[in-house]
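> The structure under discussion is supplied below as structure tokens; questions concerning it will follow.
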Amino acid sequence: MSSAGKLAILVGGGPAPGINSVIGSATIKAINEGFEVLGIQDGFKWLVRRDKSCARQLSIDDVSRIHLRGGSVLGTARENPTKSEESMKAVVETLTELGVTHLVTIGGDDTAKSSATVAERSSIHTVHVPKTIDNDLPLPAHIPTFGFQTARHTGAEIVHNLMEDAKSTRRWYVVVAMGRQAGHLALGIGKAAGATVTLIREEFENETVPFSHICDILEGTIIKRRATGRHYGVIVLAEGLIEKLDPNEMNDLEDVERDEHGHIRFAEFDLARIVKFELEDRFRKRGIHVSISNKNVGYELRCCDPIPFDMAYCRELGNSAIRFLLGGGSGAMVSVQNGHLVPLLFEDIRDPNTGKTRVRNVDVASETYRVAREYMLRLDYSDFENAGWAEKLAQAGNLSVEELKKRFA
């Protein structure tokens with residue numbers, strides 16, 4: 001074993017652009033500091049099975065150019081050893097048998113928890129590098145999570161292309177962007193691409209939001225767009241809206257997946273598709289044909305090559321992880337804030353009620369959201385103050401002015 005010890009690196013959870021940048025940076029820094037470096041294939045998957053063949057030695061030549069590539073050269077898996085006492089024991093003992101003294105984990109909540117548990121149950125020093133394209137970790141507002149900038153960049157290109165397609169074919173697109181509970185990715189994509197309208201869960205304060213209310217907003221957008229002679233556009237919806245829906249209201253919809261008890265499978269809920277059918281049906285009942293296509297955006301963003309921002313940012317994170325370990329640190333998550341390494345203890349970023357990492361949501365009082373909202377096309381109170389414009393809107397929706405005001409004002 002080298003004088004500094006033996007360092008292992010593994011990746012857990014879903015992919016994010018920049019993983020290879022972290023792996024490469026951490027490996028090079030560790031070797032230059034005297035460590036022997038092992039790459040562990042597929043996260044904790046094989047460690048749980050006590051399969052030591054998952055570990056291979058990494059050299060500087062192996063990783064010197066991988067920061068340019070998307071994906072993960074070490075693979076990734078969602079194995080969570082903390083769910084079983086036997087699994088956790090197997091991980092600790094297998095790492096110990098491999099001679100590992102230090103461990104770098106790259107991943108989300110589950111991987112972070114596993115990393116902390118390894119530190120608690122052994123003499124192995126661990127550090128976690130958090131990744132998510134959702135941008136929802138409890139970092140200061142101006143600091144993105146790694147992978148987010150690349151995902152937004154690529155997502156904005158997709159939506160930009162859909163905008164051109166919509167204009168050429170005179171149709172609408174309903175796009176749902178990944179993001180779990182937070183709307184950062186949807187808002188970032190919609191704002192950058194100039195989508196017609198973007199809806200995120202954070203703008204709705206109530207615990208549940210009627211599906212009909214969401215569709216009212218979007219129907220109003222289409223009507224307002226039609227009133228200006230534009231029969232096309234792109235709607236971006238945040239995936240987190242799904243958890244805001246009222247299950248009782250959704251029971252009336254036919255085109256949803258249900259379990260053996262007849263309950264809606266929200267995990268399999270295709271929001272874009274359901275919204276498409278609802279909007280088309282509303283206009284069809286008033287004698288208006290509106291062509292709408294649906295699309296989900298997310299998996300296309302996770303393994304694309306990182307843009308220069310994430311290439312550089314992730315090299316900083318990988319280097320910082322090793323410096324944290326060299327300083328004797330363990331059991332924490334690394335961040336780079338204002339150009340400096342700032343370790344974040346797991347207990348400081350966890351929600352005491354759930355035990356999971358706190359979620360950073362979009363601040364709807366921020367300049368970021370306010371500016372995005374100003375450039376969206378939505379019906380508002382001012383649209384009903386001018387009688388001539390109200391009449392034009394009513395005609396665009398094949399409604400009387402009274403019906404228009406009753407529905408939307």
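> Pick out, in residue order, every one of the GluC sites (Glu not before Pro) in segment 45-142 that is DSSP loop and has at most 15 other C-beta atoms within 10 Å; say none if there are none. List each step's numbers first, then the result.
Working: sites: 79, 85, 86, 93, 97, 120; in loops: 79.
Sparse-neighbourhood loop GluC sites (Glu not before Pro): none present.
> In addition: Binning every alpha carbon pair distance of segment 283-364 at 10 Å from zero, what are the percents per bin?
13, 24, 31, 14, 9, 7, 2, 0
> A further question on this structure: Under the classification rounded if a/c is under 1.5, otherwise prolate if a/b is larger than b/c and oblate if not, where does segment 1-59 fall, given a ≥ b ≥ c as square roots of the Cα gyration tensor eigenvalues? Show your work: numbers first, answer last.
Working: a/c = 2.91, a/b = 1.20, b/c = 2.43.
Oblate shape, in that a/c is at least 1.5 and b/c is the bigger or equal ratio.
> At a temperature of 20 °C and a viscosity of 1.002 mPa s, determine how fast the chain diffuses translationally according to Stokes-Einstein, using the Kirkwood radius over alpha-carbon pairs as Rh; express D in µm²/s, rounded to the nearest whole number.
Values: Rh = 23.1 Å.
Here the translational diffusion coefficient equals 93 µm²/s.
> Now a separate question. Rounded to the nearest 500, what is the chain's calculated 222 nm mean residue ellipticity when only DSSP H runs of at least 4 contribute -39500 (n - 2.57) each, over all residues?
On the way: 16 runs with 168 residues, N = 409.
For the chain, the value works out to -12500 deg cm²/dmol.
> Let me ask something additional. Can you list which of the chymotrypsin sites (Phe, Trp or Tyr not before Pro) found in segment 27-109 are DSSP loop residues with at most 10 other C-beta atoms within 10 Å? List each step's numbers first, then the result.
Working: sites: 35, 44, 46; in loops: 44.
Counting only loop positions with at most 10 other Cβ atoms within 10 Å, none of the chymotrypsin sites (Phe, Trp or Tyr not before Pro) in segment 27-109 qualifies.
> Another one. So how do 353-364, 106-117, 374-385 stack up, highest first, on mean other-Cβ count within 10 Å? It would help to have the intermediate numbers written out before the result.
Working: 353-364: 15.2, 106-117: 24.6, 374-385: 13.5.
So the peptides 353-364, 106-117, 374-385, ranked by packing, come out 106-117, 353-364, 374-385.
> If you find the alpha carbon centre of segment 135-194 and of segment 364-406, how far apart are they in angstrom?
24
> Return the lysines within reach of residue 89: Cα separation strictly under 24 angstrom, same-chain partners fewer than 8 residues apart disregarded; answer none if there are no such residues.
Partners found: 6, 45, 52, 113, 356.
> Once you compute Rg and the Kirkwood Rh from C-alpha atoms, what is the Rg to Rh ratio for segment 3-129? Mind showing how you got there, number by number?
Values: Rg = 13.2 Å, Rh = 14.2 Å.
Ratio value, two decimals: 0.93.
> Given Cα pairs under 8 Å that are at least 6 residues apart, what percent is the relative contact order of the chain?
20
All of the numbers you see were taken from the coordinates with simple rules; none came from a lab. If you're wondering where the values come from, they're calculated on a predicted model, not measured in any experiment. Note: ideal-geometry Cβ built from the backbone for every residue, glycine included; neighbour counts use all protein chains shown.
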